[in-house]
Amino acid sequence: MKSNSVEASKRYLYHKIIAYLEGVICSDPQKGKKLPSVREICKVFKVSPPTVVKAYSELEAKGLVLAIPKSGYFIDNASRCEALAPDEKLITRIYKNARMPGVIPLSIDAAAKSSDLWTLMQRKLRRGGALEEYDVKNYSLEGDSRLRAAIAYLYTKNGIAWNYDDVIIANGYQIALIAAIKASTRSTHILVEAPCSWATLEILESLAITPIELYLQGSPSTLKSEIVRSIDRYGITSAIFSATINPITGHLPPQEIVNMLLEVLAEHRVSIVETNVYGDIVFSEAQPLRISYPSEFILCVGTFSKTISPSCGMGYVLTKRMSLDVLSSLQHTPNTISSEVQNVLAELIMDGLYEKGVNHQIQVLKKLMENMIELLEKYLPSGKVRFDRPDGGAVIWLESTNGVDSIALYNLLIDFGVSIAPGYIFSTTSKFSKCFRISYATDWSKDIPKAIATIGKQILKLECRGN
């Protein structure tokens, strides 16, 4: 048994070394560039030389690496790095590539890095000593009553009176979202704002629910006809929309479309699952959908992962009519979040420190956004890419106007150690095939100007090739 465990560990390290070396090659793919020595890799991964030599041999067999006796290993043909394996989902490869050593992950937003709230929360937790061990007898399915009351207080200030028993806390945002969808959906189809989070699309796929994507732009009358037709045809009972800005584009929908949307959904008694991931990080005045919609048909799903930290990624659902249905979905994943963590978070909210921290985070993100806009205007080819200043959040949505496909662009860029998010992953159709998303809430200690310049060069290269 021990022998099998050791062998599995060796295989894991072997593949980890290969992944690391491929990342090094992709980050600076210059033919003839020398790669780390066997001795250096042995020190980093604490393995024997034969394991490293075996990894290099596999890369050599792929044509990526050239071995020169007594000199070492060198990059041979970096273009042989496959951007997408045939048996992988696009989102899986993007997720993995973005975390490879040397890659600038513009595809990932790290909004919480712009917040001081996690540091403050940790300080308060240390003040209270060690966290208690989980004991199922000491935890309620709905979550800690003090935090539930604090979340209700936070949302009541936005227009509707919420009570602590309207709030249910879950272990994670996606768990909360699944519970809200299950509680509100009585059909095989659901209306979804487009472009949409890839995680939401994957959740719907796992639940065997088909999304009817609605792009909230264009003619209100045309969009209204589309909505009514879908409701009548599929018996739709629920819809998923962002509280304020679309988290993929960072844009607010036109108010006339929002008004029409709320009117027609209320007329047909459709429940809205309002996702509030970025609802608080808005750069201008914007009212959440719940302010103008019958409260009994709202299920608001939120998280603190973008405003405090991914380490504080608990989710929650606010609902006035479907609490029992939400709880029935959560009974198999009971809330195991430390009551101390929940109490400290409640304290931050009730003392006004949470809102103060979010307001400061907004100012930081606005500055980062302006920095990124300046780089885009400087390095992207004029007239070839369309983008606008976002109204909030942590990302910028871009559209190629010269026919460049976003996957083709992604595949080229990853060879240069730059990761973007192609529009394909935010839709079940190819509607956004010419679009891509980059984050300005990223690691600015990396060479971001060079990354943006690389994007501009590769867009022109693809145009010349005819994509």
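The values are calculated or read from the model by the stated rules, or taken from the named source; none is laboratory data. Everything numeric in this text was worked out from a predicted model, so none of it was measured. Cβ placement follows ideal geometry from the backbone for every residue including glycine, while neighbour counts extend to all protein chains displayed.
Can residue 387 be described as of a type in the set (Phe, Trp, Tyr), within 28 Å of residue 445 (Cβ to Cβ) and at pLDDT below 95? Please lay out each step first, then the result.
Numbers: of a type in the set (Phe, Trp, Tyr): yes; within 28 Å of residue 445 (Cβ to Cβ): yes; at pLDDT below 95: no.
So residue 387 does not fit the description; no.
Per the listing 285, 274, 256, the residue uniquely modelled with pLDDT under 95 and either assigned by TED's automatic domain parsing to the domain that holds residue 335 or among the charged types (D, E, K, R) (or both) is 285. Can you find even one residue in the range 188-197 that is of a type in the set (D, E, K, R), at pLDDT 95 or above and crowded, with 17+ Cβ neighbours inside 10 Å? Looking for residues that are of a type in the set (D, E, K, R), at pLDDT 95 or above and crowded, with 17+ Cβ neighbours inside 10 Å, one finds at least one in the range 188-197, hence yes.
Meeting the requirement of 3 or more residues that are within 22 Å of the chain's Cα centre (by Cα), the strands (runs of 3 or more DSSP E) wholly within the range 369-467 are 395-400, 435-439.
In summary, residue 5 fulfils each of the numbered conditions (1) modelled with pLDDT of 80 or more; (2) loosely packed, with under 12 Cβ neighbours inside 10 Å with the single exception of condition (1). Selection of the range 59-110 for residues being modelled with pLDDT of 80 or more, outside any helix (DSSP H, G or I) and among the aliphatic types (A, V, I, L, M) yields 64, 65, 66, 67, 68, 75, 100, 103, 104, 106, 108, 110. Residue count for the range 350-364 satisfying the condition of being more than 11 Å from residue 307 (Cβ to Cβ) and over 22 Å from the mean Cα position of the chain (by Cα): 5. Determine whether residue 274 is surrounded by fewer than 18 Cβ atoms within 10 Å (Cβ to Cβ) and of a type in the set (Asp, Glu). In short, no. Contact map, the range 49-70: first residue more than 14 Å from residue 20 (Cα to Cα), second residue modelled with pLDDT of 80 or more and of a type in the set (Ser, Thr, Tyr), Cβ cut-off under 7 Å, separation 6 or more or different chains; pairs are 67/56; 67/73.
Yes/no per residue for (1) in contact with a helix residue (DSSP H, G or I) (Cβ under 8 Å, 6 or more places away or on another chain); (2) among the acidic types (Asp, Glu); (3) within 22 Å of residue 271 (Cα to Cα); (4) not assigned by TED's automatic domain parsing to the domain that holds residue 269:
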| position | (1), (2), (3), (4) |
| --- | --- |
| 304 | yes, no, no, no |
| 307 | yes, no, no, no |
| 310 | yes, no, no, no |
| 320 | yes, no, yes, no |
| 332 | no, no, no, no |
| 337 | no, no, no, no |
| 342 | yes, no, no, no |
| 345 | yes, no, no, no |
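Only one entry of 39, 11 meets the criterion of being surrounded by fewer than 12 Cβ atoms within 10 Å (Cβ to Cβ), basic (Lys, Arg), at pLDDT below 80 and not assigned by TED's automatic domain parsing to the domain that holds residue 415, and that entry is 11. Restricting to the range 353-370, name every residue that is under 21 Å from residue 247 (Cα atoms) and surrounded by 13 or more Cβ atoms within 10 Å (Cβ to Cβ). Scanning the range 353-370 gives 354, 355, 357, 358, 360, 361, 362, 364, 365, 366, 368, 369.
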